[in-house]
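For reference, the structure discussed in these notes is given below.
The values are calculated or read from the model by the stated rules, or taken from the named source; none is laboratory data. What you see is a predicted model; the values in this text were computed from it and never measured. Because the Cβ atoms are built from the backbone with ideal geometry, glycine has one as well, and the counts that use them run over all protein chains shown.
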Amino acid sequence: MYNQDTIAAISTPQGTGGIGIIRISGDRAFEIAGKIFSGRRAFDEIKSHTINYGKIIDPESSEAIDEVLVSKMKKPNTFTREDMVEINCHGGMVVLKRVLELVINEGARLAEPGEFTKRAFLNGRIDLSQAEAVIDIINSKTLQSSRAAMDQLEGKLSRKLKKARQHLIELLAHMEVTFDYPEHDIEEITGEKVYVETGKIREMLEDILKSFEKGRILREGINAVIVGRPNVGKSSLLNELSGKNKAIVTDIPGTTRDIIEEFVNINGIPVRIIDTAGIRETSDVVEKIGVEKAQNAIENADLVIMMIDAESGMDHEDEAILEKVKNKKVIVLINKVDLVSEQTADAIAGKLSGFRTIKASVKNEIGMEELEKEITDLFMKGGIGLNNEVIITNVRHKDLIARAIKSIDEARGSYENGMPLDVISIDIKDAADFIGQITGESVSEDVIHEIFKNFCLGK
């Protein structure tokens, strides 16, 4: 269990804004708020789950610090299942820090990162996988990634995993009765039945595990690197996809000397677009460093968008780049097709058999929709719609489900090799424990600490 003192923190991002929120949680939350809040009614007379206008007053000097709206929320119907107060101040950091200072002076402690959500977990309001979904919602880069995280927060994943774990525990209980208390009048469970039932659980876990690649993309996005010779239109493509003039565009080859990147939303997929220096042999020291960085970016890329200049045609440098990226997922964009005949563009495309090829003119926005569709098809076959699908987005969850499946496989293998039930039960117990580590039903303090330390302060 945790130290049940009262905690407080600023819950809104740093910087100037319309409002800023200070959150207080714990047994002394109402007492502390009552000492610094002055409204039409005394704080202890305010009804729970109401918002009240007043002022924050320094108890020592009687100085008014800010006009505020204060929310009073009585346990257990709160985020943490503790008494909570939220003070909505004006959004300047000076006033927020001053109010927080008063709260701490009256007996609260500054919350650790993620401590409010941690208390929600420890008090049984949410399980561990739901708690992890909170940070995924905060970090969501697209509407689809937000929806996937929200599904997890609402318990879609938890319900499936808890059902699987409960089934394993019931099997274990039945097995233990069978081999520990044979004299009891209860139907004996057979190794064959255990084999069949664990097979059903394995199938369900395998379906969840298969969702990880889609979930990873929704959560983390993909790294897409734009490569090609100098002046083929790489920076123009970055600007077009991002809707910003982030990269300098000129007719001078070698303008881009460093890595330029931007996150964009392509049909619900978060894509980190990386514009690189043109890849070519060069004696320019600075440009050479840029080329090396481009080559390193290719190594770490999920997708390579290779650009070829239709006007100048393919040359040995293009061929060398294609050779470097051939083992990656590649889309070749034949750019500037508006400057050449259709036959010329077709001739270049004919040399690129084996590659996904798009004829484009970035300047005239030709081929951009096709490019976005190709990216979607490459990484989200069948579309990105979530429907009722359970998706895992977290590497920790993926690894634990994989370990649970392995333990089930070992249990089933033991049955196939004629091992007794008490031996088979060891691996089934391990599988149940691995699933329990996802939901928090069988997890160590160290793991809990590691998860919540990555949260932001005030959440």
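Kindly indicate whether any position in the stretch 196-208 is of a type in the set (S, T, N, Q), surrounded by 21 or more Cβ atoms within 10 Å (Cβ to Cβ), in contact with a helix residue (DSSP H, G or I) (Cβ under 9 Å, 6 or more places away or on another chain) and touching a residue at least 24 places away in the same chain (Cβ under 8 Å). Yes, there is a match, as at least one residue in the stretch 196-208 is of a type in the set (S, T, N, Q), surrounded by 21 or more Cβ atoms within 10 Å (Cβ to Cβ), in contact with a helix residue (DSSP H, G or I) (Cβ under 9 Å, 6 or more places away or on another chain) and touching a residue at least 24 places away in the same chain (Cβ under 8 Å).
For the stretch 319-344: of the residues being touching a strand residue (DSSP E or B) at 6+ places or on another chain (Cβ under 7 Å) and over 18 Å from Ser361 (Cβ atoms), which is surrounded by the most Cβ atoms within 10 Å (Cβ to Cβ)? So the residue we want is Ile321. Only residues that are surrounded by 13 or more Cβ atoms within 10 Å (Cβ to Cβ), touching a helix residue (DSSP H, G or I) at 6+ places or on another chain (Cβ under 8 Å) and among the acidic types (Asp, Glu) were counted across the stretch 414-459, and they come to 3. Of everything in the stretch 345-382 that's in contact (Cβ under 8 Å) with a residue 24 or more places away in the chain, acidic (Asp, Glu) and part of a helix (DSSP H, G or I), which residue is surrounded by the most Cβ atoms within 10 Å (Cβ to Cβ)? Looking at residues that are in contact (Cβ under 8 Å) with a residue 24 or more places away in the chain, acidic (Asp, Glu) and part of a helix (DSSP H, G or I), I get Glu374. Within the stretch 79-105, the only residue that satisfies the criterion of being farther than 19 Å from Gly20 by Cβ and either among the aromatic types (Phe, Trp, Tyr) or surrounded by fewer than 21 Cβ atoms within 10 Å (Cβ to Cβ) (or both) is Arg81. One residue stands out in the stretch 359-393 among those that are farther than 16 Å from Ala224 by Cα and β-branched (Val, Ile, Thr): the one that is modelled with the lowest pLDDT, namely Ile384.
Every residue, every condition in (1) touching a Leu at 6+ places or on another chain (Cβ under 7 Å); (2) in a loop (DSSP other than H, G, I, E, B); (3) under 25 Å from His449 (Cα atoms); (4) among the polar types (S, T, N, Q), yes or no:
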position	(1), (2), (3), (4)
Ile51	yes, no, no, no
Val70	no, no, no, no
Leu96	no, no, no, no
Glu112	no, yes, yes, no
Thr117	no, no, yes, yes
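Scanning the stretch 166-181 turns up no residue that is outside the structural domain of Lys324 (by TED's automatic domain parsing), farther than 15 Å from Ala432 by Cα and modelled with pLDDT of 85 or more.
Answer yes or no as to whether Lys55 is part of a strand (DSSP E or B) and over 30 Å from the mean Cα position of the chain (by Cα). So Lys55 passes the test. Scan the stretch 17-49 for residues that are in a strand (DSSP E or B) and surrounded by 11 or more Cβ atoms within 10 Å (Cβ to Cβ) and report the count. Residues flagged as in a strand (DSSP E or B) and surrounded by 11 or more Cβ atoms within 10 Å (Cβ to Cβ) within the stretch 17-49 amount to 11. Close contacts from the stretch 227-251, counting a first residue that is more than 21 Å from Leu303 (Cα to Cα) and a second that is at pLDDT 80 or above and of a type in the set (A, V, I, L, M), with Cβ to Cβ under 6 Å and a gap of 6+ residues or different chains, come to none at all. Would you be able to say whether some residue in the stretch 148-155 is at pLDDT below 90 and under 30 Å from Gly313 (Cα atoms)? No; the residues of the stretch 148-155 include none that is at pLDDT below 90 and under 30 Å from Gly313 (Cα atoms).
Each residue in the stretch 236-253 was checked for being small (Gly, Ala, Ser) and modelled with pLDDT of 85 or more, and 1 pass.
Residues in the stretch 304-318 that are buried (at least 22 other Cβ atoms within 10 Å of the Cβ) and touching a helix residue (DSSP H, G or I) at 6+ places or on another chain (Cβ under 9 Å) were compared, and the one that is farthest from Lys373 (Cα to Cα) is Ala310. Would you mind stating whether Glu67 is acidic (Asp, Glu) and crowded, with 16+ Cβ neighbours inside 10 Å? The answer is no for Glu67. Identification of helices (runs of 4 or more DSSP H) wholly contained in the stretch 383-459 with 2 or more residues that are in contact with a strand residue (DSSP E or B) (Cβ under 8 Å, 6 or more places away or on another chain) yields no element.
Within the stretch 123-144, which residues are aliphatic (A, V, I, L, M) and within 18 Å of Arg159 (Cα to Cα)?
Of everything in the stretch 123-144, those that are aliphatic (A, V, I, L, M) and within 18 Å of Arg159 (Cα to Cα) turn out to be Ile126, Leu128, Ala131, Ala133, Val134.
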